[in-house]
1. Within the group B:L297, B:L308, which residue is near ligand 1 (Cβ under 10 Å from one of its atoms), assigned by TED's automatic domain parsing to the domain that holds B:M365 and out of contact with any Asp or Glu (no Cβ under 9 Å at 6 or more places or on another chain)?
2. Restricting to the stretch B:348-369, name every residue that is part of a loop (DSSP other than H, G, I, E, B) and either touching a Phe, Trp or Tyr at 6+ places or on another chain (Cβ under 9 Å) or buried (at least 19 other Cβ atoms within 10 Å of the Cβ) (or both).
3. Does B:G92 meet the test of being out of contact with any Ser or Thr (no Cβ under 6 Å at 6 or more places or on another chain), open to solvent by less than 10 Å² (accessible area, probe 1.4 Å) and among the small types (G, A, S)?
4. Kindly evaluate A:S23 against the criterion of being open to solvent by less than 10 Å² (accessible area, probe 1.4 Å), part of a strand (DSSP E or B) and small (G, A, S).
5. Determine, yes or no, whether B:R255 is under 29 Å from B:G374 (Cα atoms), among the basic types (K, R) and away from ligand 2 (no atom under 12 Å from the Cβ).
6. Pairs needed: first member in the stretch B:257-271, at the interface with another protein chain (Cβ under 8 Å from one of its Cβ atoms) and within 10 Å of A:R28 (Cβ to Cβ); second member anywhere, within 8 Å of ligand 1 (Cβ to nearest atom) and of a type in the set (F, W, Y); C-beta distance under 9 Å; at least 6 residues apart or different chains.
7. Any idea which residue in the stretch A:39-83 is nearest to the other protein chains (Cβ to nearest Cβ), counting only those that are open to solvent by 70 Å² or more (accessible area, probe 1.4 Å) and touching a strand residue (DSSP E or B) at 6+ places or on another chain (Cβ under 6 Å)?
8. How many of the residues in the stretch B:297-312 are within 12 Å of another protein chain (Cβ to nearest Cβ) and open to solvent by 40 Å² or more (accessible area, probe 1.4 Å)?
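The values are calculated or read from the model by the stated rules, or taken from the named source; none is laboratory data. Predicted model only: the values in this text are computed from it and were never measured. Heads up, the Cβs are rebuilt from the backbone with ideal geometry, glycines too, and the neighbour counts pull from every protein chain shown. Quick note on the areas: whole protein, heavy atoms, side chains included, nothing else; ligands and nucleic acids left out. Shrake-Rupley method; radii C 1.70, N 1.55, O 1.52, S 1.80 Å.
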Amino acid sequence: MSTSEMLGKVLAGLGKVGEIEASAISTRDGLLMNADMHAAGDPETFVAMSATMLGAAETATSELGKSVPNRVIVETDDGKLICMGAGPKALVVVMTAPDAGLGLVLVEMAKAAEKIERLI
Amino acid sequence: MIETGIPKLDGYLHGGVPEGRSLVYYTYPGVAGDVFGMQTICHATSNGILGVYVASSTDPQMIRDQFSEFGWATEDYNGRFIVVDAFSGLIGADSQERYVVSDPEDVNSLTQCIKKVMEEMSEPGIIVFESLSTIMDLCGESETLDALEEWSQYAMLYDHALVYNFTAWPYSEETLLHVKENVCNSVISVGGITGDVIFGQYFGVLKVDWTDIARKSTLFKVLKPGGIRAYIPKILVTGPFDAGKSTFVHALSNRAISVDRLGTTIALDHGHVDRKGFAADIFGTPGQERFDPIVKLLSGEAMGIFLLLDSTNTTDFKRGKRMLEITESFGLPVVIVANKQDMSEALTPEEIRRELDMPANVQIMPAVAATGEGVFEAFETLVDMVMEVD
Ligand SMILES: Nc1nc2c(ncn2[C@@H]2O[C@H](COP(=O)(O)OP(=O)(O)OP(=O)(O)O)[C@@H](O)[C@H]2O)c(=O)[nH]1
Ligand SMILES: [Mg+2]
């Protein structure tokens, strides 16, 4: 199985969490590696902007001498966008349903992030 | 001529304030105007000119502390910095100063002291009033205006330059008009900009009778230490991937930070420049197309643009032009930086002009961001263009 296929499997696993509507994996510099978007928008821009958010958040906290953020969560009326580092080279990002509970989603994302880090 | 030491202003005033003439910094309430007079006297005394500071609202020792907060050490001026103490008399305190106004609420007492200083100064110098408005509050508006005429005559007689800090509190219309139009040879307005997205402060020449008036205003910022800087809140650095934008921002800035991952900018570069009386905040954009929404976001409110090009990479020149469109910078001052001139394949600025089909009036300047070569020349060129637009 190629790396891309294996990453696809990780995303498929996330997709089984009912409350996750879309998910993607990209490099830290915002290049798309794999996405499970269900035709919701343009994955290239989606992951690039996610990389921008995560990178900017990391710089903002480290400017204040604080540790690197564990994740960036963006809340909208239509759901939550959650962006998380997956090792030094990659990141994973998901979009949830509006009423999704964070607990399960975050646990599943952390598991996925660990797998991604080991795959690349 | 005695220079004011305020960036840009001496240019507007054709060199500064001539001997025997007067200037007022006419400040609108809410704007920090006192620093103008402070910077002017420190600039003069540090250039070997005799300076007198008339303290009306602050204790002389506190005044020296205020100056040193800006990094101006009045004790280093070898006795060329003289304080007229028109404050201690108000609170009944003893004074250490050579010149003391016994009754600061009596304009005649003040005039007497000021005349005495002017007579005793060993050479033509500059006399700066900490606060003309405080004097008006203490002595009365019309009394003060009458006294001003007397001081001006005396200053003319002895070839001293007079500089006033004045805050335009709600005095009578007549008084304000008089200060604005009649009492001084030159009037510099110092005001704030509100309501815009950028909240800023500016100064400009309202009146000058020894040269043509330059109807320009300059944004400024007060740094501690440092004093007044002509200030550009946003200069954008954009250009294709790998052109050297981040390198350029760091080479130019006193301090800078980049949000880069895996060697490329994914959010922005930000730097602050403080150089030769000019300060600016510099925003570098990403270059890769997938970040174009960020480029657009960053470019709002920019006052000038650097377009960085890798002079060896002709295939990216089109992308460079395209990025100028993305920034919606039409009509803004632009300097094209022909970067990486250290490489043997680098095109010259003129060759780049032909490739880009740019008209002759567009500035294209050579640089090596990696070593800093040409970086400040490009900065000064753009700053001049931005300041001209006002
Ligand atoms: N030879 C040479 N290399 C340079 C010069 N300026 C920058 N570089 C190199 O060019 C590469 C890209 O520099 P950056 O400053 O990251 O370029 P950038 O435009 O910010 O790139 P992106 O943010 O990815 O679009 C780096 O390897 C720099 O060391 C230069 O003047 N000469
Ligand atoms: Mg960069």
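1. Details: B:L297 fails: near ligand 1 (Cβ under 10 Å from one of its atoms).
That would be B:L308, the only listed residue that is near ligand 1 (Cβ under 10 Å from one of its atoms), assigned by TED's automatic domain parsing to the domain that holds B:M365 and out of contact with any Asp or Glu (no Cβ under 9 Å at 6 or more places or on another chain).
2. Result: B:A367, B:A369.
3. Numbers: out of contact with any Ser or Thr (no Cβ under 6 Å at 6 or more places or on another chain): yes; open to solvent by less than 10 Å² (accessible area, probe 1.4 Å): no; among the small types (G, A, S): yes.
When the stated conditions are applied, B:G92 does not pass them.
4. When the stated conditions are applied, A:S23 passes them.
5. yes
6. B:T264/B:F241
7. A:E44
8. 1
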